[in-house]
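Below: one structure, written as structure tokens.
The values are calculated or read from the model by the stated rules, or taken from the named source; none is laboratory data. In this text the structure is predicted, and so the values were computed from the model without any measurement. Cβ sites come from the backbone with ideal geometry, for glycine too, and all protein chains shown count toward neighbours.
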Amino acid sequence: MYTGPVRRFLPFLIVGCLWCIPALSAAASVSVSLAPEELNLGQRMAASAAHAVVRLSGRGDAIAMRYSSPAPIDCVVLITDGKAVPDLSTALVATLPLGKDLTIDLNVSASPGWSLGTHEYRVFFFSHASDGTTMERVTLVPASFWRLPVAALRHLFTSEPYLPASYHRLKGYRILGVAAPLVLLPVVILLLILTLALRRFRGRRLAACLMILALGFLLPSARFSLDLLAFAGRHLTMWYGDAPYEQAGSAYAIAEFLQSANYERATSAVSPIYLCSEGTSYIPSLLTYLLSPTRVVQKLPEGQTPVMLIAFQQPQTAKEGQAFQCGDRVFNNVKPLRSFADGSVVYSVPQP
């Protein structure tokens with residue numbers, strides 16, 4: 001009877017084909033990736049021709065949508081879970097292709113914040129066309145068993161996100177919503193049991209067990225060290241290359257520019273600098289620290305005029321002599337002094 005490699009591995013091939021049937025029958029999938037650290041939703045809203053937000057709640061590992069659009073649609077998926085300020089390090093971004101009556105699946109299990117439980121999602125759509133875009137259906141797709149191993153492996157190899165809050169707290173690695181050490185611990189225990197049970201390790205069981213325990217402790221530490229080394233290398237390249245510095249953007253370059261001798265008046269403690277920015281308090285706090293003792297404000301009493309205006313990553317700009325509007329405040333006859341790589345601009349504001 002023939003027992004060659006093909007016959008021996010035939011059952012595994014059949015199981016593999018059956019495993020992939022759900023993938024073949026599913027709707028077309030769009031590639032998703034983790035959002036960049038400098039993600040700014042307010043800036044994207046202002047820059048897009050049209051935008052919309054959809055809220056979803058329930059169980060599922062994908063978001064199915066049926067739509068028509070004459071232009072590509074940028075999509076951002078946040079896992080909110082009732083939080084007033086969602087964790088942007090778990091956000092996903094994707095670009096939906098243009099077309100008519102398209103059915104697309106977005107794999108939300110790619111997010112390190114995803115797990116098998118119930119989640120609340122906020123899905124942002126930023127269209128490149130001002131009209132003609134229709135979103136007929138946006139629903140959650142029940143979790144598929146065949147996707148779980150892929151999601152677990154993706155979570156395992158997702159790098160530690162280093163954020164401004166990392167100075168105080170590290171998020172740590174998580175697999176399907178569970179801390180990675182708790183997931184890997186049963187694997188280590190199983191290896192120890194097999195080592196003790198197999199005759200092959202007779203006489204060397206103690207050394208083999210110690211080796212497994214050492215690897216169980218050293219491999220996660222080595223993984224963390226590699227993530228930290230990659231993070232440090234990327235940031236050093238940004239720092240010395242004068243590129244936008246992750247979430248800080250061009251804040252350091254702006255502070256250095258304003259502290260130069262030519263703009264000594266702008267950095268006096270008497271005249272404030274007005275900051276036009278969106279998002280968290282990170283950028284206002286950072287610029288306040290970098291420009292101390294200069295006052296960096298986002299609100300001014302009526303009738304008071306700042307000496308400088310920082311438009312931090314704002315989609316609108318103004319030429320010399322034009323007006324710049326930040327929320328309800330309008331600054332007339334501004335003069336651009338310098339533009340930065342992340343789109344930020346420093347303006348001088350004429351004094352009354």
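Test each condition in (1) surrounded by 11 or more Cβ atoms within 10 Å (Cβ to Cβ); (2) at pLDDT 75 or above for Phe157 and report the one that comes out false.
All conditions pass for Phe157, except number (1).
Of everything in segment 292-302, what is at pLDDT below 85 and either buried (at least 17 other Cβ atoms within 10 Å of the Cβ) or in contact with an Asp or Glu (Cβ under 9 Å, 6 or more places away or on another chain) (or both)? Give them in sequence order.
Once the filter is applied, which keeps residues that are at pLDDT below 85 and either buried (at least 17 other Cβ atoms within 10 Å of the Cβ) or in contact with an Asp or Glu (Cβ under 9 Å, 6 or more places away or on another chain) (or both), segment 292-302 yields only Thr294.
Here are some conditions: (1) within 27 Å of Ala311 (Cβ to Cβ); (2) among the small types (Gly, Ala, Ser); (3) outside any loop (DSSP other than H, G, I, E, B). Ser57 meets all but one. Which one does it not meet?
Of everything listed in (1) within 27 Å of Ala311 (Cβ to Cβ); (2) among the small types (Gly, Ala, Ser); (3) outside any loop (DSSP other than H, G, I, E, B), Ser57 misses just condition (1).
Yes or no: segment 113-129 includes at least one residue that is assigned to a loop (DSSP other than H, G, I, E, B) and over 22 Å from the mean Cα position of the chain (by Cα).
Yes, segment 113-129 has at least one match.
Has segment 109-122 got at least one residue that is of a type in the set (A, V, I, L, M, F, W, C) and buried (at least 19 other Cβ atoms within 10 Å of the Cβ)?
For segment 109-122, residues of a type in the set (A, V, I, L, M, F, W, C) and buried (at least 19 other Cβ atoms within 10 Å of the Cβ): present.
Just give me the residues in segment 303-316 being surrounded by fewer than 22 Cβ atoms within 10 Å (Cβ to Cβ) and either small (Gly, Ala, Ser) or within 14 Å of Pro272 (Cβ to Cβ) (or both), in sequence order.
Listed by number, the residues that qualify are Gly303, Gln304, Thr305, Val307.
Out of the residues in segment 317-342 that are in contact (Cβ under 8 Å) with a residue 60 or more places away in the chain and surrounded by fewer than 19 Cβ atoms within 10 Å (Cβ to Cβ), state the one that is nearest to the chain's Cα centre (by Cα).
Ala341
From the list Thr280, Thr305, Thr294, pick out the single residue that is assigned to a loop (DSSP other than H, G, I, E, B) and in contact with a helix residue (DSSP H, G or I) (Cβ under 6 Å, 6 or more places away or on another chain).
None of the other options fit; the residue is Thr294.
What single numbered condition from (1) modelled with pLDDT of 85 or more; (2) within 22 Å of the chain's Cα centre (by Cα) fails to hold for Asp87?
It fails just one condition, (1).
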